[in-house]
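Heads up, the thing below is written out as structure tokens.
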Amino acid sequence: MGKVWILMLVVVVGVVGIEGARKSPTGRIHTLFSVECQNYFDWQTVGLMNSYRKAKQPGPITRLLSCTDEEKKNYKGMHLAPTFEVPSMSRHPRTGDWYPAINKPAGVVHWLKHSKDAKNVDWVVILDADMIIRGPILPWELGAEKKRPVAAYYGYLKGCDNILAQLHTKHPELCDKVGGLLAFHIDDLRVFAPLWLSKTEEVREDRAHWATNITGDIYGKGWISEMYGYSFGAAEVGLRHKINDNLMIYPGYVPREGIEPILLHYGLPFSVGNWSFNKLAHHDDGLVYECNSLFPEPPYPKEVRQLELDDNRRRGLFLSIECINIINEGLLLQHAANGCPKPVWSKYLSFLKSKAYAELTQPKYVTPATLQMMEDIKEEHVDDGAGKPHPKIHTLFSTECTTYFDWQTVGLMHSFHRSGQPGNITRLLSCSDEELQKYKGHDLAPTHYVPSMSRHPLTGDWYPAINKPAAVLHWLNHVNIDAEFIVILDADMILRGPITPWEFKAARGHPVSTPYDYLIGCDNELAKLHTSHPEACDKVGGVIIMHIEDLRKFAMLWLHKTEEVRADRAHYARNITGDIYESGWISEMYGYSFGAAELKLKHTINDEILIYPGYVPQPGVKYRVFHYGLQFSVGNWSFDKADWRNVDMVNKCWAKFPDPPDSSTLGQANTEDLQRDLLSIECAKTLNEALNLHHKRKCSGNNSLTSEGEERKEESVVSRLSNLNANDDSTNNHTTTDESESVQKDEMPSSFRFWMIFLWAFSGVGFLVVIFVVYSGHRRRGTRPNKGRRRRNLHSGFMEMNGRDRYSRGDVPL
């Protein structure tokens with residue numbers, strides 16, 4: 001009996017040991033990240049390595065370092081992280097194509113083949129260098145299984161849904177839009193990695209399908225070929241990812257309620273108040289090797305708490321400052337390891353060594369909500385939505401060939417990519433042939449070109465607003481559309497979040513829109529004149545969510561009713577239309593309402609989708625759209641889109657709008673005013689952020705949009721326009737002062753002039769007398785002039801030396 005108990009004990013201990021070995025991180029997880037021999041990647045490496053230690057990520061970490069032999073000769077950063085050297089493929093050995101991103105899959109393949117570490121591991125976590133780890137990343141805890149890797153969601157990889165996937169994988173239905181954080185079983189990675197590399201090469205060479213409307217790549221340069229290589233390679237070997245949209249977050253984004261992200265990916269610019277950070281601005285910075293050089297310090301936690309009242313938005317700001325603080329802390333530690341002298345004390349350095357900072361940056365652990373996979377969320381929606389998946393969406397907006405619409409397009413497209421709006425987006429661009437020949441903004445958005453109706457072909461009436469219904473009709477008649485619902489926006493809008501038919505309850509026969517209460521013509525004779533169902537007239541506009549079949553029937557009526565109302569000049573009056581200009585300018589809006597009434601389309605009117613900056617928000621409402629069609633202000637600062645109608649903000653490098661006030665300067669007493677002003681500031685900052693990113697893409701090196709002289713001239717114009725409203729008084733005062741000074745000069749008394757002339761003549765005569773006396777003295781004293789000359793020479797040399805000294809010091813910025 002005793003032997004039996006001993007045997008059972010051995011079995012139990014063995015089972016526990018096996019289970020413990022499975023869960024134990026020691027030697028079982030290996031973390032990889034890929035870099036090149038550049039200062040840019042060195043400071044990212046320092047930040048990631050510091051976060052790796054602070055987060056207590058289990059298992060070893062390896063930097064896959066891709067360098068050419070020439071780069072390696074001058075490289076100083078071999079000591080920054082445990083490193084596995086990889087042959088550089090930045091310049092492809094076969095095609096000669098310059099594409100550094102291919103080093104990531106090439107590096108992983110090389111590591112699997114040649115590293116001893118790859119033979120002693122069960123799980124591999126693959127990260128990017130521009131990431132900060134906040135807590136342990138345990139693949140099995142995240143839900144990873146063999147043949148089911150875990151990855152973060154990259155929703156912009158629209159090529160998974162179109163011809164790109166059909167061209168590059170036999171299983172397009174298995175294409176997952178993923179990237180960023182990858183947690184793999186080693187056996188899956190061995191099978192998959194070579195395909196990751198080969199599919200990257202495939203997509204990179206497929207230049208015919210690099211367009212933004214196919215790939216979602218905002219640059220349209222094939223830059224995200226490696227990401228598609230990953231998704232297509234995984235589809236090819238039948239890997240289905242568990243997709244998680246909670247584990248990783250971009251600083252600047254707002255975390256969902258109850259979610260604790262464990263990874264920060266600072267690939268996009270972000271800001272906190274007036275402070276901002278963009279990794280691309282530090283591409284050549286040698287911060288790792290310049291003693292005590294850090295990134296600009298972000299606001300302190302106490303300041304951040306005053307910036308934002310909403311808990312989740314405030315958490316988002318804390319994530320932003322945490323990201324940069326961890327990088328700066330890593331730089332300080334690296335400087336000490338490099339042998340740098342101890343830095344001079346500062347408030348910021350004291351904060352980074354404080355107990356409060358240590359508590360803020362202690363390891364974070366995933367919550368049940370964080371671990372929820374997207375497939376679980378989809379299943380909940382499916383159960384809730386009549387047993388079928390979400391319908392496809394396509395977003396439209398209408399513009400013309402003017403720089404006025406171009407900067408609006410830049411703002412809307414930037415916000416579209418950040419909002420998480422599903423589906424594709426198309427700009428309906430209405431231009432005359434002459435305008436199109438001169439137009440420069442073709443690459444600003446995926447575009448459908450439409451003949452301009454600004455000047456009506458039959459009546460000759462000039463009414464550009466008619467282009468909106470005309471363009472929608474043209475698009476419907478010339479494009480193969482696979483979307484079930486169409487979202488229609490205006491160009492002067494900023495998306496803050498997704499607008500979906502399932503969330504806002506759009507259905508066939510029941511479009512969703514936002515209230516336009518000033519359309520009083522729905523209640524009077526205007527509706528009776530222009531629709532046979534005036535009782536069905538809805539006062540709506542702005543954002544429209546409509547089923548495609550409704551839109552097909554409705555678009556022609558929208559155009560015809562617009563023409564009708566526009567031609568009805570007898571009823572332009574404000575008391576009939578609500579149009580403050582009484583010029584028929586809102587005829588297109590009535591065309592929409594009357595056309596929908598003809599078909600008895602009954603709108604669901606939702607006042608929680610759209611807000612005008614400058615309006616007081618309803619408490620607790622998270623609006624999805626800013627519509628900056630009206631002037632708005634914060635204190636003495638104001639913005640009116642109409643002021644920028646003739647200013648080229650897109651084609652002139654680095655043009656931007658006047659910066660709004662810093663949110664930290666706002667008064668806290670009135671909560672309604674504070675929330676209103678915070679939204680206004682957010683809208684303006686988003687526009688400037690969009691322009692800044694556009695200029696970074698277009699204004700570097702040889703791609704500069706304008707010459708330096710033209711750029712300075714435009715900046716001068718923008719600067720003058722920026723200060724017109726804020727500085728009217730000071731401008732007038734300055735002008736008056738100048739005029740008064742000129743009057744004083746012209747009216748100088750004649751007596752004063754006389755004395756000035758006399759004094760000048762007297763000084764001249766005196767100078768001649770002194771010269772005569774000195775010269776006579778030299779002649780009388782014989783040898784003394786030589787000594788005098790010597791003294792003068794010495795004196796002259798002293799003056800020259802000091803002149804050089806002053807000049808040289810003046811060249812050095814103090």
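The values are calculated or read from the model by the stated rules, or taken from the named source; none is laboratory data. This one's a predicted model, so the numbers in the text were calculated from it and none came from an experiment. Quick reminder, even Gly has a Cβ in these numbers, built from the backbone with ideal geometry, and neighbours come from all protein chains shown. For the accessible areas, the whole protein counts, side chains as well, though only heavy atoms, and no ligand, DNA or RNA atoms are used. Shrake-Rupley method; radii C 1.70, N 1.55, O 1.52, S 1.80 Å.
Quick rundown of the values:
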| quantity | calculated |
| --- | --- |
| Enumeration of residues in the stretch 53-77 that are open to solvent by 10 Å² or more (accessible area, probe 1.4 Å) and closer than 17 Å to I324 by Cβ | K54 |
| Enumeration of residues in the stretch 119-153 that are open to solvent by 10 Å² or more (accessible area, probe 1.4 Å), in a strand (DSSP E or B) and within 24 Å of L268 (Cα to Cα) | Y153 |
| Residue in the stretch 637-651 that is among the small types (G, A, S) and without any contact (Cβ under 8 Å) to a residue 40 or more places away in the chain present | yes |
| Any hit, the stretch 265-284, residues being small (G, A, S) and open to solvent by less than 20 Å² (accessible area, probe 1.4 Å) | yes |
| Residue pairs meeting the criteria (Cβ under 6 Å; at least 6 apart or on separate chains; first assigned by the TED database to the domain that holds H417, in the stretch 147-173; second open to solvent by less than 80 Å² (accessible area, probe 1.4 Å) and polar (S, T, N, Q)) | none |
| Residue match in the stretch 465-486 (condition: in contact with a strand residue (DSSP E or B) (Cβ under 8 Å, 6 or more places away or on another chain), among the acidic types (D, E) and surrounded by 18 or more Cβ atoms within 10 Å (Cβ to Cβ)) | no |
| The stretch 189-223 - residue that is hydrophobic (A, V, I, L, M, F, W, C) and at pLDDT below 95 and, of those, most open to solvent (accessible area, probe 1.4 Å) | W223 |
| Tabulated pairs, the stretch 243-262, first at negative phi, second modelled with pLDDT of 95 or more and polar (S, T, N, Q), C-beta under 8 angstrom, 6+ apart or interchain | P251/S320 |
| S587 vs. criteria under 37 Å from the mean Cα position of the chain (by Cα) and either small (G, A, S) or at pLDDT below 95 (or both) | yes |
| Enumerated helices (runs of 4 or more DSSP H) restricted to the stretch 24-118, each holding at least 1 residues that are over 32 Å from the mean Cα position of the chain (by Cα) and among the acidic types (D, E) | 69-73 |
| Given (1) closer than 27 Å to W475 by Cβ; (2) under 33 Å from the mean Cα position of the chain (by Cα); (3) charged (D, E, K, R), number of the condition E608 does not satisfy | (1) |
| In the stretch 606-616, the residues that are closer than 19 Å to T671 by Cα and open to solvent by less than 20 Å² (accessible area, probe 1.4 Å) | I611, P613 |
| K440 vs. criteria surrounded by fewer than 20 Cβ atoms within 10 Å (Cβ to Cβ) and either over 23 Å from M649 (Cβ atoms) or among the charged types (D, E, K, R) (or both) | yes |
| Qualifying residue in the stretch 558-580 (condition: among the β-branched types (V, I, T), part of a loop (DSSP other than H, G, I, E, B) and under 28 Å from the mean Cα position of the chain (by Cα)) | no |
| Extreme residue, surrounded by the most Cβ atoms within 10 Å (Cβ to Cβ), among residues of the stretch 491-520 that are in contact with a Gly (Cβ under 7 Å, 6 or more places away or on another chain) and of a type outside the set (A, V, I, L, M, F, W, C) | S513 |
| Pairs, first at positive phi in the stretch 402-429, second outside any helix (DSSP H, G or I), C-beta under 7 Å, six or more apart | G420/G155; G420/G497; G420/P498; G423/K392; G423/I393; G423/H394; G423/T395; G423/A483 |
| Top-ranked residue in the stretch 639-673 [being open to solvent by less than 30 Å² (accessible area, probe 1.4 Å) and small (G, A, S); ranked as farthest from L412 (Cα to Cα)] | S663 |
| Residue match in the stretch 293-308 (condition: charged (D, E, K, R), surrounded by 15 or more Cβ atoms within 10 Å (Cβ to Cβ) and under 22 Å from the mean Cα position of the chain (by Cα)) | yes |
